[in-house]
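Colleague: This is the structure I want to talk about, given as structure tokens.
The values are calculated or read from the model by the stated rules, or taken from the named source; none is laboratory data. Since the model is a prediction, treat every value here as computed from it, not as a measurement. Here Cβ is always computed from backbone atoms with ideal geometry, including for glycine, and neighbour counts include all displayed protein chains.
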Amino acid sequence: MVTLLDFPEAAYLWKVHKFDFLVWITSCFITMFLGVEIGLGVAVILSLLIVLYESAYPHTAVLGRLQGSSVYRNVKQYPEAEHYDGIVICRIDAPLYFANTEYIREVSVGGMSFYGFRAQVYLRQLTLTLFLIICSRVLHRSPTET
């Protein structure tokens, strides 16, 4: 029975995508204890729930331009990426539709207030990736404020 389990694949799933690991381990145990039909059914239902969750709450990233190029990358992965005063560029890794619009609005406006910007939100579809370009104005502060 142990030879039927692919433990290197499970370790790979744990490193790459925790939700896929959850589907793998759950379907494995349910198949062992309750049968193949029930195990496959639970795996399919879990997979559909995860797809719905990830489309309703997509990954977002703030982008910055790499020096000397026209390439934009995630600033968490590339801290040396350049930022522009008054402009924040966000990438949303899912299509924009009714189920995730409120989440994207919360993330974009919440992120702007974190950086101290008043935001005007403009959406633009570029190739296969949806870019949320937030052009904003820095709050005007008097020189006496610290």
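Colleague: Go through (1) without any contact (Cβ under 8 Å) to a residue 24 or more places away in the chain; (2) surrounded by 11 or more Cβ atoms within 10 Å (Cβ to Cβ) for residue 58 and report which single condition fails.
Modeller: (1)
Colleague: Say we look at the stretch 70-96 and pick out the residues that are among the aromatic types (Phe, Trp, Tyr) and either in the same structural domain as residue 19 (by TED's automatic domain parsing) or modelled with pLDDT of 80 or more (or both); which of these is farthest from residue 19 (Cα to Cα)? Explain how you work it out, then say what you get.
Modeller: Of the residues in the stretch 70-96, the ones among the aromatic types (Phe, Trp, Tyr) are 72, 78, 84.
Adding the requirement that they be either in the same structural domain as residue 19 (by TED's automatic domain parsing) or modelled with pLDDT of 80 or more (or both) leaves 72, 78.
Numbers: 72: 28, 78: 25 Å.
So, considering only residues that are among the aromatic types (Phe, Trp, Tyr) and either in the same structural domain as residue 19 (by TED's automatic domain parsing) or modelled with pLDDT of 80 or more (or both), the one farthest from residue 19 (Cα to Cα) is 72.
Colleague: Kindly indicate whether residue 27 is in contact with a helix residue (DSSP H, G or I) (Cβ under 8 Å, 6 or more places away or on another chain), free of Cβ contacts under 8 Å to residues at least 24 places away in the same chain, at negative phi and not assigned by TED's automatic domain parsing to the domain that holds residue 99. Steps first, please.
Modeller: Numbers: in contact with a helix residue (DSSP H, G or I) (Cβ under 8 Å, 6 or more places away or on another chain): yes; free of Cβ contacts under 8 Å to residues at least 24 places away in the same chain: yes; at negative phi: yes; not assigned by TED's automatic domain parsing to the domain that holds residue 99: yes.
Here the answer is yes, as residue 27 does meet what is asked.
Colleague: A further question follows. Exactly one of these conditions fails for residue 32: (1) aliphatic (A, V, I, L, M); (2) without any contact (Cβ under 8 Å) to a residue 24 or more places away in the chain; (3) farther than 22 Å from residue 100 by Cβ; (4) loosely packed, with under 15 Cβ neighbours inside 10 Å. Give me its number.
Modeller: Exception for residue 32: condition (2).
Colleague: Of the numbered conditions (1) within 30 Å of residue 106 (Cβ to Cβ); (2) assigned by TED's automatic domain parsing to the domain that holds residue 100, residue 67 fails exactly one; give the number of that condition.
Modeller: (1)
Colleague: How many residues does the stretch 64-96 hold that are touching a residue at least 40 places away in the same chain (Cβ under 8 Å), farther than 30 Å from residue 26 by Cα and under 16 Å from the mean Cα position of the chain (by Cα)? Please lay out each step first, then the result.
Modeller: Restricting attention to the stretch 64-96, the residues satisfying the condition of being touching a residue at least 40 places away in the same chain (Cβ under 8 Å) are 85-92, 94-95.
With farther than 30 Å from residue 26 by Cα added as a condition, the list becomes 85-91.
Filter once more, so that each one left must be under 16 Å from the mean Cα position of the chain (by Cα): 89-91.
The number of residues fulfilling the criteria is 3.
Colleague: Let me ask you something else. Just to check your reading of the model, which residue among 46, 52, 13, 22 is in contact with a Ser or Thr (Cβ under 8 Å, 6 or more places away or on another chain) and under 30 Å from residue 99 (Cα atoms)? Walk me through it before giving the result.
Modeller: On the way: 52 fails: in contact with a Ser or Thr (Cβ under 8 Å, 6 or more places away or on another chain); 13 fails: in contact with a Ser or Thr (Cβ under 8 Å, 6 or more places away or on another chain); 22 fails: in contact with a Ser or Thr (Cβ under 8 Å, 6 or more places away or on another chain).
It is 46.
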